[in-house]
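Novice: Please see the structure below; I have some questions.
The numbers here are math on the coordinates, done by the rules we state, and not lab data. Note that the coordinates shown come from a computational prediction; the quantities given were computed from them, not determined experimentally. No Cβ is skipped: glycine too gets one built from the backbone with ideal geometry, and neighbour counts run over all protein chains shown.
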Amino acid sequence: MPRNSVLLSYTDITWNSVRYLQTCEGVRSDVTHLSLQLLPFPWFPRQHALYPTVKFPLIHRDASTVKGSPGYERLLHDFLAANAAKHSNHLFLDLHAVNDDDIAPNGQYLGFTLTPHGLIWKVNLPTANVDTLYSQWKSLPSPEVHFAVAVYPPGSWEFAAATIANDARYQGGLFALSYWLERGRKARPAGEAAKYVIGMHHALQLLIQVDAAAAITNGNWGLTYESYDMAKNTALAAMRLTTGLDLIAPLLSPLKKESRRNGASHHTLTEINELQELVQQTNEIRLMTHRRIEALVPAMKARQDRDARAFEDFAAASSLRSKKMKMKSGSKKKTRKRPKGKHTASEH
């Protein structure tokens, strides 16, 4: 976090961890740390003087600490609105201070834009440039996740901490997925399409890592969010990547020639090499995507998910494309001419 940031905690694990680091270890005393659980209490105004850089809005009678309730949303919105001007780039929020279902596309929440920032949310003004927000997020290392169920079982502080780290990585994957889905709607030039494919691959890799970490906990799901949502978002990322690879494959050769002709930067050439490797893996990625969809569709139908048909149609079209490619490949092998020898039997 930048210096002199304001952090709003919601869960005990975040509140107590940060309090310990600041009070006992003397770490980041410049960060103003507040608890959303304490703000509504009648006695809390007596503490306001301890936070001279913070503006405290009026607490209404319906104020609540129950996430998703009107009283809670008003409490949180009023605080963010009161401090957004002064701390526009320094406001941070506990990852679990917000219900995932309450966050609209592109991180929109209560008139602000939320972006993942390590283990927490960064609160941005609604006018913030999404490309800049994505670049800022990508510049940060992804949270490390270490589950050791045999030593730290579910219910332990350590298991909870690992789950929060995995939740944060999941939100990063969702942020990347949403960003590239939006960019994909206008990825017309070959160069822009190439960036889309690489970006979508990055989002997919993040989601796969989260899924793998959550699933290795001996039957205990190491993620706060539902496994169904995890599976659906991962399948969606795989579908979009597969489609992107099919579209970029015929454009790859002209793109490489244009890059050489224009003296492309080292970064661009590295992206093209990465793209070429991905195109070579298209069949494997397509098969992986097909398997994910096949495993997911029964659950989608059971939930009457309106996207079930689209996922099924994609799997069917992808399977048909694979068959045609195999037939085409087999046909080429059959029509290949055998080289003639220097002499034939009739010549003797």
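Novice: Treating only the Cβ atoms of Lys and Arg (+1) and Asp and Glu (-1) as charged, compute the dipole magnitude of the chain about its Cα centre; round to the nearest 20 debye.
Specialist: I would put it at about 2460 debye.
Novice: In nm, to one decimal, how far is the Lys323 label point from the Ile208 one, both placed 7 Å along Cα→Cβ?
Specialist: Computed distance between label sites Lys323 and Ile208 equals 2.6 nm.
Novice: As an exercise, identify the trypsin sites (Lys or Arg not before Pro) in the stretch 63-112 lying in DSSP coil whose Cβ has no more than 14 other Cβ atoms within 10 Å.
Specialist: Here the sparse-neighbourhood loop sites are Lys86.
Novice: So which aspartates and glutamates pass the test for Lys257, namely a Cα distance under 13 Å, with those fewer than 8 places away in the same chain ruled out?
Specialist: none
Novice: Now for a separate question. If R0 is 25 Å, what FRET efficiency do you get for Arg3 and His266 from their C-beta distance, rounded to 0.05? Write down the numbers at each step before the final one.
Specialist: On the way: r = 33 Å, r/R0 = 1.33.
In this case the efficiency is close to 0.15.
Novice: What is the sum of charges, Lys and Arg at +1 and Asp and Glu at -1, for the other residues whose Cβ falls under 15 Å from the Cβ of Leu119?
Specialist: -2
Novice: Treating the stretch 1-107 as a set of equal point scatterers at the Cα positions, no solvent, please give the Debye-formula log₁₀ I(q)/I(0) at q = 0.13, 0.16, 0.18, 0.24 Å⁻¹.
Specialist: Debye intensities relative to I(0), on a log10 scale: -0.48, -0.75, -0.96, -1.62.
Novice: Between Glu274 and Leu140, what's the calculated FRET efficiency when r is the beta-carbon distance and R0 is 22 Å? Round to 0.05.
Specialist: E(calc), rounded to 0.05, equals 0.60.
Novice: Oh, and also: Between the stretch 190-248 and the stretch 50-71, what is the separation of their alpha carbon centroids in Å?
Specialist: Their Cα centres are 36 Å away from one another.
Novice: So what is the 222 nm mean residue ellipticity for the chain from helices alone, if each DSSP H run of at least 4 adds -39500 (n - 2.57) and you divide by all residues, rounding to the nearest 500 deg cm²/dmol?
Specialist: -18000 deg cm²/dmol
Novice: Among Phe159, Pro42, His60, which residue has its Cα positioned farthest towards the positive end of the charge dipole of the chain, with +1 placed on the Cβ of Lys and Arg, -1 on the Cβ of Asp and Glu, and the dipole taken about the Cα centre?
Specialist: Going by the Cα projections, it comes out as Phe159.
Novice: Let me ask something additional. Give, rounded to the nearest 20 debye, the magnitude of the charge dipole that the stretch 68-141 has about its Cα centre when Lys and Arg contribute +1 at Cβ and Asp and Glu contribute -1 at Cβ.
Specialist: Numbers: 4 positive and 7 negative charges, 61 e Å.
Here the size comes out at about 300 debye.
Novice: Right, next: Looking at the square roots a ≥ b ≥ c of the eigenvalues of the Cα gyration tensor of the stretch 74-229, which shape do they give, rounded for a/c under 1.5, prolate if a/b is larger than b/c, or oblate?
Specialist: oblate
Novice: One-quarter of the Cα convex hull surface for the stretch 158-232, in nm²?
Specialist: 4.9 nm²
Novice: Just the Cα atoms of the chain: what Rg and Dmax do they give in Å?
Specialist: Using the Cα atoms of the chain, the pair Rg, Dmax is 25.9, 113 Å.
Novice: Of the chymotrypsin sites (Phe, Trp or Tyr not before Pro) in the stretch 9-117, which ones lie in a loop per DSSP and count no more than 12 other C-beta atoms within 10 Å?
Specialist: Sites meeting the loop and neighbour criteria: Trp43.
Novice: Same structure again: Among the listed pairs Lys122/Lys301; Lys86/Lys138; Lys138/Lys232; Lys256/Lys323; Lys122/Lys232, give every one whose C-alpha distance is greater than 31 Å.
Specialist: Distance filter (> 31 Å) returns Lys122/Lys301.
Novice: Amide H to amide H, which residues 5 or more places from Ser35 or on other chains are under 5 Å from it, using H placed in the peptide plane?
Specialist: It is Ser9, by chain and number.
Novice: Round to the nearest 0.05 the FRET efficiency obtained for Gln47 and Val130 when R0 = 41 Å and r is the Cβ-Cβ distance.
Specialist: That pair, Gln47 with Val130, gives E of 0.65.
Novice: Specify the longest stretch of the chain that does not include any exposed loop site, a site being one of the GluC sites (Glu not before Pro) with a non-H, G, I, E, B DSSP assignment and at most 12 other Cβ atoms within 10 Å.
Specialist: Numbers: sites that count: Glu25, Glu144, Glu226.
The longest uninterrupted stretch comes out as 227-348.
Novice: Out of the stretch 157-221, which trypsin sites (Lys or Arg not before Pro) are coil in DSSP terms and have no more than 13 other C-beta atoms within 10 Å?
Specialist: Hits after loop and neighbour filter: Arg185, Lys186.
Novice: Residue-wise, which Karplus ³J(HN,Hα) couplings in Hz belong to the stretch 164-173, taking 6.51 cos²θ - 1.76 cosθ + 1.60, θ = phi - 60°, and x for glycine or proline?
Specialist: 4, 4, 5, 4, 5, 5, 4, 4, x, x
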